[in-house]
Amino acid sequence: MNSLRILILGGTTLQGSLEFFYMDAFKRLGHEVIGLGYRDLVELSNHWLHVVLRNLGAFSKRLREILSLTMFGSYTTFSERVLRAFDPDMILVFKGEIVSRGLLRSLAGSGARLVYYNPDDPRYGGLARTFVNKGFLIATPCVKCVRIYTRWGARKVILLPFASSTYIPRNTRIDRKARLVLFIGSMYPERLAVVRRLLTGGLPLALAGPGWPFKTKPLYGEAYEKIHRISLIGLNIHAKSDLGFKANMRTFEIAGLGALELTDNCREVSRYYVPGKEIICYEDPEDLIEKAKYFLNIPEDAYKVAREGIERTIREHLYVYRAEYLIKNL
């Protein structure tokens, strides 16, 4: 396919976001890309304020319209101006919780090929149905959701899992790593329970991310990648709502950055990696502690699994592959 002009609308286009990864992947494929994130135009310093507003916008059509015309009105106006000036061949909307009715009409009338990608399961049916009803191609990382969107009457649905960074150096070091267990992510009750058990179990835990009752901070971009490259074990704890639905972003990022991935036994993970060979799964916190201690004591075994994980990621699970697949399915 010839070079396309691609407009991406989402939450943020900052490094480390899903929107950023796709922008980078499309550029590597030779396409011209503009990305617009509402959080880039309206600064929300409080993480939980953003979470609340995002969920309100996703849950209620009326609240979504109020937010898009008031607090996020500049995003709607700016997006429509860019749409007219850029004249894209393809428009990719991520989640769409702040897309107003007016902006949606403009997108539908643009003549561009339209794609809607909701990284969450469609628990907020009204939001997802809005894009289904407008004839968007639907992309989802969730196998079950393919059936849900199809049942809703989507013209076409594709499975588009998460991935790892578009570019991974093949010389990523898989030895002499710091003997610690690393977890990076937002605090959820199920994650807090696991973290507290690890701490009481005496494991060397490094923790980063928003919302924790400890002194932590989020890590994105280069800092996020570097700390995984130097850590022996990368811990993956799925949010409860993801279990049984999809493998989360960390599934691919940890394996792709060269740490041994120690993940909860989300059955979707085995679609993409071989447990016991490319990643290690645990059943409960006690099993996690036992396996973490084993690999901390015998790092050579951790290096072996980590090498298999990064090679599988480089072969199959990079965002540039996902972007290429998406374009082929337009």
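Here are a few things to note about the model shown:
- Scanning segment 174-183 for residues that are touching a residue at least 40 places away in the same chain (Cβ under 8 Å) and open to solvent by 60 Å² or more (accessible area, probe 1.4 Å) yields one hit, ARG179.
- Flag if ARG84 is outside any loop (DSSP other than H, G, I, E, B), farther than 26 Å from GLY244 by Cα, basic (Lys, Arg) and open to solvent by 60 Å² or more (accessible area, probe 1.4 Å): yes
- For ASP40, the test of being part of a helix (DSSP H, G or I), over 21 Å from LEU114 (Cβ atoms) and modelled with pLDDT of 85 or more is failed.
- Residues in segment 296-330 that are open to solvent by 60 Å² or more (accessible area, probe 1.4 Å) and in contact (Cβ under 8 Å) with a residue 60 or more places away in the chain: ARG307, TYR321, GLU324, TYR325, LYS328.
- The set of residues in segment 248-265 being under 25 Å from TYR167 (Cβ atoms), in contact with a strand residue (DSSP E or B) (Cβ under 6 Å, 6 or more places away or on another chain) and open to solvent by 20 Å² or more (accessible area, probe 1.4 Å) consists of ARG250 alone.
- Being open to solvent by 30 Å² or more (accessible area, probe 1.4 Å) and either modelled with pLDDT of 95 or more or in a loop (DSSP other than H, G, I, E, B) (or both) is a description that applies to LYS277.
To keep it simple, each residue is scored yes or no on (1) among the polar types (S, T, N, Q); (2) within 28 Å of ILE298 (Cα to Cα); (3) open to solvent by less than 60 Å² (accessible area, probe 1.4 Å).
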| position | (1), (2), (3) |
| --- | --- |
| GLY185 | no, yes, yes |
| TYR188 | no, no, no |
| ARG191 | no, yes, yes |
| ARG197 | no, yes, no |
| GLY201 | no, yes, yes |
| PRO204 | no, yes, yes |
| LEU207 | no, yes, yes |
| GLY211 | no, no, yes |
| THR216 | yes, no, yes |
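- When segment 219-247 is limited to residues that are under 17 Å from ALA163 (Cα atoms) and touching a strand residue (DSSP E or B) at 6+ places or on another chain (Cβ under 7 Å), the one that is surrounded by the most Cβ atoms within 10 Å (Cβ to Cβ) turns out to be LEU235.
- Members of segment 296-313 found to be under 27 Å from the mean Cα position of the chain (by Cα) and not aromatic (Phe, Trp, Tyr), listed by number: ALA302, LYS304, VAL305, ALA306, ARG307, GLU308, GLY309, ILE310, GLU311, ARG312, THR313
- The test for being of a type in the set (Lys, Arg), under 19 Å from the mean Cα position of the chain (by Cα), surrounded by fewer than 15 Cβ atoms within 10 Å (Cβ to Cβ) and part of a helix (DSSP H, G or I) does not hold for LYS293.
- Residue, least open to solvent (accessible area, probe 1.4 Å), within segment 124-143, restricted to residues that are outside any strand (DSSP E or B) and of a type in the set (Ser, Thr, Tyr): THR130
- Scan of segment 113-123 for residues that are buried (at least 18 other Cβ atoms within 10 Å of the Cβ) and over 18 Å from the mean Cα position of the chain (by Cα), ordered by number: LEU114
- Hits in segment 170-194 (condition: out of contact with any helix residue (DSSP H, G or I) (no Cβ under 9 Å at 6 or more places or on another chain) and closer than 24 Å to VAL320 by Cα): ASN171
- The listed residue being of a type outside the set (Val, Ile, Thr), under 19 Å from LEU330 (Cβ atoms) and free of Cβ contacts under 8 Å to residues at least 60 places away in the same chain, out of GLY125, GLY111: GLY111
The values are calculated or read from the model by the stated rules, or taken from the named source; none is laboratory data. Fair warning: this is a prediction, and the values are worked out from it, not measured in the lab. Heads up, the Cβs are rebuilt from the backbone with ideal geometry, glycines too, and the neighbour counts pull from every protein chain shown. For accessibility, only protein heavy atoms count, side chains too; no ligands or nucleic acids. Shrake-Rupley method; radii C 1.70, N 1.55, O 1.52, S 1.80 Å.
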